[in-house]
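Colleague: I'd like to ask you about the structure that follows.
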Amino acid sequence: MKEFVYVSITLFIIWGIFYFANRKNISSGKIYFCMLLCMLLPPSLGEEALVNSWYHEVDLINIFVFAICLCVGFIPWLVFDKRTKNKIFEIKDSAIPPLKISFTILIIWSLFSIIYLMPSAITSLAMGASETRAILYSGKGQVLPQSPFTTLAVAGASCYIYAILFFYIACLSPKLKRYRVWLIISSLSYIVNCLAFTARDGLIFIPLIYLVFYLVFKRSLHIKIMLNIKKRIKLIVILAVSFLVVFSLSRFAGSGKKTDWESVYSGTFGYITQQPYVFDATIKGQDDFWGFEVRFPLINRILGIEEHEVNRKDNSFEWSFGTMYAEHYSAFGWSSLILITLITVLFFSFGISYLFKRKKYFGAILIFNVYCYLSISGMFYTRAGANVNLNIFYLLLSLIPFFAPRYISCKNTKSITR
């Protein structure tokens, strides 16, 4: 248990110093640090169960590097929060017609995803999380049929981050009022997608992203709208937590009369409390490096390297959550950890700064939306990876904001004037 104390103290000191040094410029980024605090929780409920957890003797230098990586990864968020400090966003009248078209397309696409994925979600829920995951892990069955419609539905559900952002943009103008409820429903398409696999990440990411953009836009909203949004966010959080509890109990509580609370804890909070230990294990044990094939296969295809399988089953840390930085290291070692992290941070930092300087506020918010999702999901794994299509998808989402129209205007204020 002594190692856990050392790890928590090290992380708390480094993250605490970074936060308090920049606290005046951090607003929506508070959500990021709340997630970091969750990593300070014990890896298991009791000392006896530590043997079965990721808890082990660590090299504190690796924990120091881990903490620094998460601070460096926050820099684009800090850049965004600085630029939006004391800012009020407004919708230009000329932007209303094209925004209505964009909202309508996204809503129809999302509703199609919900309708298409719902039968699979119901089937998986009926089987139970434990049985559904067993089928997926065995590779002997499929949850969703293989067809272009499945690809279209899953892609539509993946655009939920835009449904959340567009909901807040719709709240900036009464002319977009009728789209608000539909955009909330559209944002839930990803949860239906997750239900089909009895996955739980959507139950975490969706409430967090709603909270992030609430903090971004709250100064720009009328007080009545702001209060209504608070109520809706509370409802979303309550529903998400309820489903999360049900899934966790279904997967980890055990089949006997006595609930295995240790398994429930390690199967829920354990996914984030294990991160420092998995990172340390990766630094110590990774010697069969992945190259770009696992998370950035698009680069290999561009270089003319044919698709090939990478064995990730010989070491448990290779398929466990150690944040995206553990996966950066697993590519080529220290060089890839440094280079991939710096390239990502510099791209989003300079991209956000450039768009704000050019007064392209809509584009700046769009690129932050992509970064925010990659950053939050990156506390578990590299979300932009896994296959060529995902690489292309997130690359396009990261480049489109530079060509986005000036739909949003911005003015400085030190108090809410609307």
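Colleague: Take region 1-37 and flag every residue that is outside any helix (DSSP H, G or I), among the β-branched types (V, I, T) and exposed (fewer than 13 other Cβ atoms within 10 Å of the Cβ).
Modeller: Listed by number, the list is empty, since nothing qualifies.
Colleague: Condition first: at pLDDT 95 or above and open to solvent by 50 Å² or more (accessible area, probe 1.4 Å). Can you find one or more residues in region 121-129 that meet it?
Modeller: Within region 121-129 (the criterion being at pLDDT 95 or above and open to solvent by 50 Å² or more (accessible area, probe 1.4 Å)), the answer is no, since none of the residues qualifies.
Colleague: Mind listing whichever residues of region 304-313 are open to solvent by 70 Å² or more (accessible area, probe 1.4 Å) and more than 13 Å from V388 (Cα to Cα)?
Modeller: Once the filter is applied, which keeps residues that are open to solvent by 70 Å² or more (accessible area, probe 1.4 Å) and more than 13 Å from V388 (Cα to Cα), region 304-313 yields E309, N311, K313.
Colleague: Is there any pair linking a residue in region 391-413 that is farther than 21 Å from F347 by Cα to one that is open to solvent by less than 60 Å² (accessible area, probe 1.4 Å) and among the polar types (S, T, N, Q), with Cβ under 7 Å and at least six apart or on different chains, and which?
Modeller: Cβ pairs passing all conditions: N412/N86; T413/N86.
Colleague: Identify, from the list I191, I206, the residue that is within 19 Å of I367 (Cα to Cα) and buried (at least 23 other Cβ atoms within 10 Å of the Cβ).
Modeller: Checking each option against the conditions leaves just I206.
Colleague: Which one is farthest from Y329 (Cα to Cα), of the residues in region 384-416 that are open to solvent by 30 Å² or more (accessible area, probe 1.4 Å) and among the small types (G, A, S)?
Modeller: S415
Colleague: Could you give me the residue pairs with C-beta distances under 7 Å whose first residue belongs to region 173-199 and is more than 28 Å from H222 (Cβ to Cβ), whose second residue is modelled with pLDDT under 95 and not in a helix (DSSP H, G or I) wherever it lies, and which are 6+ apart or on separate chains?
Modeller: Listed by first residue and then by second, the contacts come to C194/R200; A196/V143; A196/L144; F197/V143.
Colleague: I'd like the full set of residues that are among the polar types (S, T, N, Q) and more than 17 Å from I191 (Cα to Cα), limited to region 84-123.
Modeller: Scanning region 84-123 gives T84, N86, S94, S102, T104.
Colleague: Tell me which of these Y381 doesn't satisfy, since it passes every other one: (1) open to solvent by 20 Å² or more (accessible area, probe 1.4 Å); (2) modelled with pLDDT of 95 or more; (3) under 13 Å from the mean Cα position of the chain (by Cα).
Modeller: Only one criterion is unmet by Y381, namely (2).
Colleague: Then there's this: Suppose the filter is surrounded by fewer than 20 Cβ atoms within 10 Å (Cβ to Cβ) and among the charged types (D, E, K, R); does R200 pass it?
Modeller: No: the conditions fail for R200.
Colleague: Look at region 71-90 and say how many of its residues are open to solvent by 20 Å² or more (accessible area, probe 1.4 Å) and in contact with a strand residue (DSSP E or B) (Cβ under 8 Å, 6 or more places away or on another chain).
Modeller: 3
Quick grid of which residues meet (1) at pLDDT below 95; (2) out of contact with any Phe, Trp or Tyr (no Cβ under 7 Å at 6 or more places or on another chain):
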position: A281; (1), (2): yes, no
position: D287; (1), (2): yes, yes
position: W290; (1), (2): yes, yes
position: F296; (1), (2): yes, yes
position: L303; (1), (2): yes, yes
position: R312; (1), (2): yes, no
position: Y325; (1), (2): no, no
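The values are calculated or read from the model by the stated rules, or taken from the named source; none is laboratory data. In this text, all values refer to a predicted model and were calculated from it rather than measured experimentally. Because the Cβ atoms are built from the backbone with ideal geometry, glycine has one as well, and the counts that use them run over all protein chains shown. Note: accessible area is taken over every heavy atom of the protein model, side chains too, but ligands, DNA and RNA are not part of it. Shrake-Rupley method; radii C 1.70, N 1.55, O 1.52, S 1.80 Å.
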